[in-house]
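Student: Can you read through this structure? Questions will come right after.
The values are calculated or read from the model by the stated rules, or taken from the named source; none is laboratory data. In this text, all values refer to a predicted model and were calculated from it rather than measured experimentally. Every residue, glycine as well, gets a Cβ built from its backbone with ideal geometry; the counts of neighbours run over all protein chains shown.
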Amino acid sequence: MAGNKPQKEFVPLQIAVVTVSDTRTEDNDTSGQYLVDALAEQGHHLYQKHICKDDVDALRALVKTLIDDVKVHAVLLTGGTGFTKRDNTVVAISPLLESAIDGFGELFRYLSYKEIGSSTIQSRAFGGLSNSTVVFCMPGSPGACKTAWEGIIKDQLDSRHRPCNFVDRITCRED
């Protein structure tokens, strides 16, 4: 496949899910579990799932390890994108990204506005690319994860989506 043209067949990806939280456990991580279920339903493979404290150094180290792993095509982070003192996802992850996907945050807030009104301005959802890995960072609520997955991420990780998607860009390390 040349360029960024969609393929005719679905390409399953290896995706890591990271929940950023000081309080979540595997028993009550509904947002992370939503993403795990949604990616599997789409036909992708869960590579790893983590719950990481909202700590800049720990989060940055974990995501850097995932980005550096050639088997990981995408990293989905939920949580830590608000404006409290413990919301460190933007600070931790932004320096790792080689290029920003500005449209992800913009479109997420547009879709979210339809659901929660002006409160969406408190979301710092963002995305980017690094080492041929796409990274999407979204708020920690299950509703926000559903909005991001259904409205944006699902299509952008689907090789059949037209006119373009990220699959060719993030699977190039395997060539």
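Student: Return the residues of the range 91-105 that are touching a Phe, Trp or Tyr at 6+ places or on another chain (Cβ under 9 Å) and not polar (S, T, N, Q); say none if nothing qualifies. Show your work before the answer.
Tutor: Taking the range 91-105 and keeping what is touching a Phe, Trp or Tyr at 6+ places or on another chain (Cβ under 9 Å), we get 93-94, 97, 100-102, 104-105.
Selection gives Ile93, Leu97, Ala100, Ile101, Asp102, Phe104, Gly105.
Student: Which of the residues belonging to the range 128-155 are closer than 17 Å to Ala100 by Cα and outside any loop (DSSP other than H, G, I, E, B)?
Tutor: Gly128, Leu129, Ser130, Thr133, Val134, Val135, Phe136, Cys137, Met138, Ala148, Ile152, Ile153 - these are the residues of the range 128-155 that are closer than 17 Å to Ala100 by Cα and outside any loop (DSSP other than H, G, I, E, B).
Student: On to the next question. Confirm whether Val17 is touching a residue at least 60 places away in the same chain (Cβ under 8 Å), surrounded by 17 or more Cβ atoms within 10 Å (Cβ to Cβ), part of a helix (DSSP H, G or I) and hydrophobic (A, V, I, L, M, F, W, C). Before you say what the answer is, go through the steps one by one.
Tutor: On the way: touching a residue at least 60 places away in the same chain (Cβ under 8 Å): yes; surrounded by 17 or more Cβ atoms within 10 Å (Cβ to Cβ): yes; part of a helix (DSSP H, G or I): no; hydrophobic (A, V, I, L, M, F, W, C): yes.
Judged against the criteria, Val17 is not a match.
Student: Those residues that are assigned to a helix (DSSP H, G or I), under 12 Å from Ser132 (Cβ atoms) and in contact with a strand residue (DSSP E or B) (Cβ under 6 Å, 6 or more places away or on another chain), I need them from the range 63-79; list them, please.
Tutor: Looking only at the range 63-79, we keep the residues that are assigned to a helix (DSSP H, G or I), and these are 63-68.
This time we only want the ones that are under 12 Å from Ser132 (Cβ atoms), so: 67-68.
Within the range 63-79, Ile67 is the sole residue that qualifies.
Student: Tell me, yes or no, whether the range 98-109 has at least one residue that is of a type in the set (Phe, Trp, Tyr), closer than 17 Å to Ser21 by Cβ, surrounded by fewer than 23 Cβ atoms within 10 Å (Cβ to Cβ) and touching a residue at least 24 places away in the same chain (Cβ under 8 Å).
Tutor: Start the filter on the range 98-109 by keeping residues that are of a type in the set (Phe, Trp, Tyr), which leaves 104, 108.
Those left that are additionally closer than 17 Å to Ser21 by Cβ: none.
Checked against the condition, which is being of a type in the set (Phe, Trp, Tyr), closer than 17 Å to Ser21 by Cβ, surrounded by fewer than 23 Cβ atoms within 10 Å (Cβ to Cβ) and touching a residue at least 24 places away in the same chain (Cβ under 8 Å), the range 98-109 yields no hits at all.
Student: Six or more apart or on different chains, Cβ under 6 Å: which pairs go from a residue in the range 70-88 that's surrounded by fewer than 21 Cβ atoms within 10 Å (Cβ to Cβ) to one that's at pLDDT 95 or above? Could you list them?
Tutor: Lys71/Gln14
Student: When you go through Val90, Val167 one by one, which is the residue that is among the hydrophobic types (A, V, I, L, M, F, W, C) and more than 25 Å from Phe10 (Cα to Cα)? First the steps, then the outcome.
Tutor: Values: Val167 fails: more than 25 Å from Phe10 (Cα to Cα).
Answer to the selection: Val90.
Student: Something else about it: Kindly indicate which of Ser141, Ser132, Ser118 is at positive phi and either modelled with pLDDT of 95 or more or under 14 Å from the mean Cα position of the chain (by Cα) (or both). Walk me through how you get there before you give the answer.
Tutor: Details: Ser141 fails: at positive phi; Ser118 fails: at positive phi.
Residue meeting the stated conditions: Ser132.
Student: Which of the residues spanning the range 20-42 are of a type in the set (Asp, Glu) and touching a residue at least 60 places away in the same chain (Cβ under 8 Å)?
Tutor: Asp22
Student: Quick one: in the range 156-175, which of the residues that are out of contact with any strand residue (DSSP E or B) (no Cβ under 8 Å at 6 or more places or on another chain) and not in a loop (DSSP other than H, G, I, E, B) is modelled with the highest pLDDT?
Tutor: Restricting to residues being out of contact with any strand residue (DSSP E or B) (no Cβ under 8 Å at 6 or more places or on another chain) and not in a loop (DSSP other than H, G, I, E, B), the top hit is Val167.
Student: Just checking, which of Thr78, Thr84, Thr30, Thr25 is polar (S, T, N, Q) and touching a Ser or Thr at 6+ places or on another chain (Cβ under 7 Å)?
Tutor: Thr78
Student: Could you identify the single residue in Ile153, Ile170 that is surrounded by 21 or more Cβ atoms within 10 Å (Cβ to Cβ), of a type in the set (Val, Ile, Thr) and over 18 Å from Thr89 (Cβ atoms)?
Tutor: Numbers: Ile153 fails: over 18 Å from Thr89 (Cβ atoms).
So the residue among Ile153, Ile170 that is surrounded by 21 or more Cβ atoms within 10 Å (Cβ to Cβ), of a type in the set (Val, Ile, Thr) and over 18 Å from Thr89 (Cβ atoms) is Ile170.
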